[in-house]
């Protein structure tokens, strides 16, 4: 059994991950859910899956979330601290990072530092320039999918520089 935390559970990737988890309850247990601001969907997910922790980045609906979670016996958190707690939940073995853009960077980095295996989309593309090159930590795995790797601004569309052909499209 793998214990899973999902960051961005109310978006399309998060909803698909939850669908997959629900189809294989003998293989996966959901330990933490986090969302940006979609309180209604997050509340429904908390009721259906009953994770150990539910976090909402936008604290506007935190009182309602806390009340619901208290009735379910689920811990509630809010703000960036809530996202970090979901990403580094002590029982999580895997984190699905489906938060779009720069908001996803701090929790993903926290999960990596906590040595939790992370699956993510393209959060790095939120940066306006190429990320600073740093050596990978020991044992780190780099993306095998070239589409998941950050692009270099010198070869971005409109830069006037030649671009390599897309791996899934024929040249021309």
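Residue count for segment 1-44, restricted to those that are without any contact (Cβ under 8 Å) to a residue 24 or more places away in the chain and over 20 Å from residue 103 (Cβ atoms): 6.
Checked against (1) in a strand (DSSP E or B); (2) at pLDDT below 90, residue 34 passes all but a single condition, namely (2).
Considering segment 11-31 alone, what residues qualify as being under 12 Å from residue 45 (Cβ atoms), within 14 Å of the chain's Cα centre (by Cα) and part of a helix (DSSP H, G or I)? Please lay out each step first, then the result.
Going residue by residue through segment 11-31, those that are under 12 Å from residue 45 (Cβ atoms) are 11, 14-15, 17-19, 21-22, 30.
Filter again for within 14 Å of the chain's Cα centre (by Cα), leaving 11, 14-15, 17-18, 30.
The answer is 14, 15, 17, 18.
Return the pair list, or none, for Cβ contacts closer than 7 Å from residues in segment 45-60 that are touching a residue at least 24 places away in the same chain (Cβ under 8 Å) and at positive phi to residues that are part of a strand (DSSP E or B) and surrounded by 14 or more Cβ atoms within 10 Å (Cβ to Cβ), at least 6 apart or on different chains. Between residues of segment 45-60 that are touching a residue at least 24 places away in the same chain (Cβ under 8 Å) and at positive phi and residues that are part of a strand (DSSP E or B) and surrounded by 14 or more Cβ atoms within 10 Å (Cβ to Cβ), there is no close pair.
Consider residue 108 carefully, then state whether it is in contact with a helix residue (DSSP H, G or I) (Cβ under 7 Å, 6 or more places away or on another chain), under 21 Å from residue 119 (Cβ atoms) and modelled with pLDDT under 95. Don't jump to the end; show me each part of the working.
Details: in contact with a helix residue (DSSP H, G or I) (Cβ under 7 Å, 6 or more places away or on another chain): yes; under 21 Å from residue 119 (Cβ atoms): yes; modelled with pLDDT under 95: yes.
In short, yes.
Got a number for residues in segment 42-81 being buried (at least 20 other Cβ atoms within 10 Å of the Cβ) and more than 17 Å from residue 14 (Cα to Cα)? Of the residues in segment 42-81, 6 are buried (at least 20 other Cβ atoms within 10 Å of the Cβ) and more than 17 Å from residue 14 (Cα to Cα). Of 126, 119, 103, all but one fail to be modelled with pLDDT under 85 and over 17 Å from residue 5 (Cα atoms); the exception is 126.
The values are calculated or read from the model by the stated rules, or taken from the named source; none is laboratory data. Treat the numbers as computed from the prediction; the structure is a model and nothing was measured. Methodologically, a virtual Cβ is constructed for each residue, glycine included, from the backbone with ideal geometry; neighbour enumeration extends over all protein chains shown.
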